[in-house]
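Right, one structure below, let's go through it.
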Amino acid sequence: MFKVVHQRMLRLRARLGTLWSVVLGVVYMVLIFSVGISWYMLIEDWDLASSFYMVVITLSTVGFMEVHQLTTEGRIFTAFMIMAGVGGFVFIAGAFAQLIIEGRLQILWGKRKMQKEISKLKGHYIVCGYGRIGSIVVQEIMHEGHPVVVVEQDPELIDKMEQEGVLCIEGDATSDEVMIMAGLSQACSLITALTSDAANVYVTLTARQLNPDITIVARAGDKSHISRLELAGADRVVLPNFIGGVRMAQNVLRPTVTNFIDLAVRGGIDLQMEELLVSPESELVNKDLIESQIRPRYNLIIIAIKKESGDMVFNPGPKEVIQGNDTLLAVGRKSGLSEIKEIL
């Protein structure tokens, strides 16, 4: 029981941050008020109004006369209450002074406002680490119009994200409490792009335990660590250095193809490559590509179909039947892609 209470106190302290001292002071003063009022009512046999007034003038040390004649025990209790109450007021004043002197009151207000925004999110993306890789991931996801929450430890990067309007949480991504604050239970995907492979493994394990249905993409620095991340629960493992090297080679070997893919994916021309998930209720279910009329109605080319089982059908023929939960890999104009989403 004590351990559970202690863990809840630690979680509350982490959430309140610098305001923790102020909250402790307020709770302490409420306790002093309650004890004082109870004493005067039960021991001195005073009414509630007189007891409350006596506690107020005593703790505020204004020097007014006693409301009623006190017993010897009452005078001793009042003396101790003065010492305890004045100490509480000094503690609260010091905590407030610390907030104001450090100029953190406005920052804390902004952080609490940001935390409220994060708690309202559903189906968002969580990115762990805002370094060279993580920052690019965040920019790409936000460019597509999706909500992102970043978990980062570096205070300088936190300040940078706050100035740029990026939702972020300062803390260790390997902490359960921090991931819960990031809305892990409501998120659709998590990208762990920390520099340490060991940290990425731990984050993957934590995320998979807290949300078994979430899609996890993990960064790895070495091929030998891919299996570890997959065993930890990562759906996909990315090697940035390997991908960068392959991309540079393709720019030399097949520059036209590479440029076309860049334009299609990044929207440099009115042509886009998109994944289209077919819901079981869609009108396209159980129709082949000819019957679906995708090409004449939306001017889209289906270059591959990913089945629910994970099998990929490349360059599907006209008689390839579309099933529920299939993913269509389509190429076409943005207007056509937007229109077909209405019947998916």
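Structural remarks
- Pairs meeting the criteria (first residue in the stretch 179-197 and at negative phi and surrounded by fewer than 19 Cβ atoms within 10 Å (Cβ to Cβ), second residue basic (Lys, Arg) and at pLDDT below 95, beta carbons under 6 Å, at least 6 apart or on different chains) are GLN186/LYS122.
- PRO240, sole failed condition from (1) exposed (fewer than 15 other Cβ atoms within 10 Å of the Cβ); (2) in contact with an Asp or Glu (Cβ under 7 Å, 6 or more places away or on another chain): (2)
- Residue list for the stretch 282-298, restricted to those being loosely packed, with under 13 Cβ neighbours inside 10 Å and among the polar types (S, T, N, Q): ASN286, GLN293
- Residues within the stretch 210-227 that are in contact (Cβ under 8 Å) with a residue 24 or more places away in the chain and surrounded by fewer than 18 Cβ atoms within 10 Å (Cβ to Cβ), tallied: 4
- Checking GLY134, GLY145, GLY165 one by one, the residue that is small (Gly, Ala, Ser) and closer than 19 Å to ALA218 by Cβ is GLY134 and no other.
- All of (1) within 17 Å of TYR125 (Cα to Cα); (2) in a loop (DSSP other than H, G, I, E, B) hold for GLU140 with one exception: (2).
- Candidates THR78, THR72: the one that is exposed (fewer than 12 other Cβ atoms within 10 Å of the Cβ), at pLDDT 70 or above and over 30 Å from VAL178 (Cα atoms) is THR72.
- Picking from residues in the stretch 36-65 that are among the polar types (S, T, N, Q) and modelled with pLDDT under 85, the one that is nearest to ALA79 (Cα to Cα) is THR58.
- Selection within the stretch 12-35: residues that are over 22 Å from PHE77 (Cβ atoms) and of a type in the set (S, T, N, Q). The member of this set that is modelled with the highest pLDDT is SER21.
- Condition check for LEU276: within 15 Å of GLU339 (Cβ to Cβ) and either modelled with pLDDT under 90 or part of a strand (DSSP E or B) (or both): yes
- Considering the stretch 282-343, there are no qualifying helices (runs of 4 or more DSSP H) wholly inside with 1 or more residues that are of a type in the set (Asp, Glu) and at positive phi.
The values are calculated or read from the model by the stated rules, or taken from the named source; none is laboratory data. Just so we're clear, the structure is a prediction, and the values are computed from it rather than from any experiment. Every residue, glycine among them, receives a Cβ derived from its backbone with ideal geometry; neighbour counts consider all protein chains shown.
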